[in-house]
1. For a quick check, take a GNM of the chain with Cα springs below 10 Å and name the residue from GLY333, GLY187, GLY402 with the largest mean-square fluctuation.
2. Work out how much length GLU315 to ASP405 would gain on full extension: take 0.36 nm times their residue separation and subtract the Cα-Cα distance, in nm to one decimal.
3. Net charge around GLY289, counting only other residues with Cβ within less than 11 Å of its Cβ (Lys, Arg = +1; Asp, Glu = -1)?
4. Spin-label point model (7 Å from Cα, Cβ direction): what's the ARG336 to ARG381 distance in nm?
5. Can you give the charge dipole size of the chain about its Cα centre, rounded to the nearest 20 debye, using +1 on the beta carbon of Lys and Arg and -1 on the beta carbon of Asp and Glu?
6. According to the Cα gyration tensor, what semi-axes, each the square root of 5 times an eigenvalue, does the equivalent ellipsoid of the chain have, listed from largest to smallest in whole Å?
7. Find the centroid of the Cα atoms in region 366-418 and in region 260-279, then give the distance between the two in whole Å.
8. Expected output is a single nm value to one decimal: the length gained when fully extending between GLN361 and ALA24, i.e. 0.36 nm times separation in residues minus the C-alpha distance. What is it?
Amino acid sequence: MTLLAFGINHKTAPVAIREKVAFAPDRLEAALHDLQSHTAISEAAIVSTCNRTELYCGLDDPDSLAVIDWFREYHHLSATDLDPYVYTHLDHAAVQHILRVASGLDSLVLGEPQILGQIKDAYHAASQAGTLGQQLNRLFQHTFLVAKQVRTDTAIGSSPVSVAFAAVSLARQIFSSLDQHTALLIGAGDTIELVARHLSEQQVKTIIVANRTVERARLLADQFSRGEAIALADIPERLVDADIVIASTASQLPILGKGAVERALKLRKHRPVFMVDIAVPRDIEPEVGELSDVYLYTVDDLHEVIEEGRQSREEAAQLAEEIIETQVEHYMGWLRSLEAVDVIRSYREQAEQIRDRALQQAQRQIAAGKDANEVMNELARTLTNKLLHQPTVQMNRAAFEGREDLLDKARELFDLKDSEN
């Protein structure tokens, strides 16, 4: 069977194309059944995210055109519309591709962990649909183990590469653990939402979302078990509770001034406050950074952290590539071993038939009163001769024909030592 990885991603296709070939979750099972209904396709799984749509298939016929034709037909696209954006990987390259994808090496953000969860979702969907066979099932299980090894053995996911991640990473450096601290987030846009998710992953005690539109703040805060929503006007009152303040709004004027922070610090008895101003123009007056017990960072400060993180991830990615190449060979070795299954089964069946016939003859001789020891000796000789007969004939023929290569393989196969030794 041939393994195929086929699809498009954020590197090869614009969003206008990617959205045309996405698979809706409620249609995925039907799509998998339709795909597998082609006689050339024995196994199938589909990964569909905002950044990629990929098909992983086991093909009885090494020609991948059946999958490509199905993909075009399913999404009502012509070859001209689709083909410039697709990539196709077979066997070794297909295994390498899925391992790189699952490890975050093929992601928009190098090392991001979300893709592994999306691949697990694709595996469960295909498993539930019944479109996984022995080889794809083993490939996905192997993929999960390798992705975990890459996360464990490298720093691919530990360094910040986004503003939101960098802000939360700095907070962890200052407070170590966040489970006893309260975060005040000013704004409710995409960046603040991502900050909130990172904080939630770090088990922050409370998330307070302040926004000009309270309803929008509430929509974000309600996504977290300990989330609260307040208006911007309520910030001075709640600032005393905040150990972490992260601001990102579109305001043209500062929202948080030095005076409000000074009053909050007095009420906090000068317990330190970590602040990040991601906004441009700034949401927090620069003079706030002059206050004792305030750690104020701007978006420029975060960019330095992000650049360090990017370099760290790129170094980790090189090590991850080495791990993946080794693990590709492990899977391909297992795959090649399947080719021996039929041969081993046939050889064993042949040996068992010889054994059964020799054993039946021995049992008849014992039943006829022949000495048991003599029968056992004869059984051993008979089995030895019959089991070795065909290999011996073939090796004699190989020697007669000058096929030294076959004799060398026989020595390797039977683990024979050189007679001179």
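1. Fluctuation is largest for GLY402.
2. Numbers: separation 90, 0.36 × 90 = 32.40 nm, distance 4.51 nm.
Gain on stretching GLU315 to ASP405: 27.9 nm.
3. Values: positive: LYS258, ARG282; negative: ASP277, GLU285, GLU287, GLU290, ASP301.
Within the 11 Å Cβ shell, the charges total -3.
4. 4.3 nm
5. Details: 42 positive and 63 negative charges, 232 e Å.
For this selection, approximately 1120 debye.
6. Details: eigenvalues 854, 139, 82 Å².
After diagonalising the Cα gyration tensor, the semi-axes are 65, 26, 20 Å.
7. Their Cα centres are 87 Å away from one another.
8. Working: separation 337, 0.36 × 337 = 121.32 nm, distance 6.59 nm.
Fully extending the segment from GLN361 to ALA24 adds 114.7 nm.
Read the figures in this text as sums done on the coordinates, not as results from a lab. Because the structure is predicted, anything quoted here is derived from the model rather than measured. With ideal geometry, Cβ positions are generated from the backbone for all residues, glycine too; neighbour counts draw on all protein chains shown.
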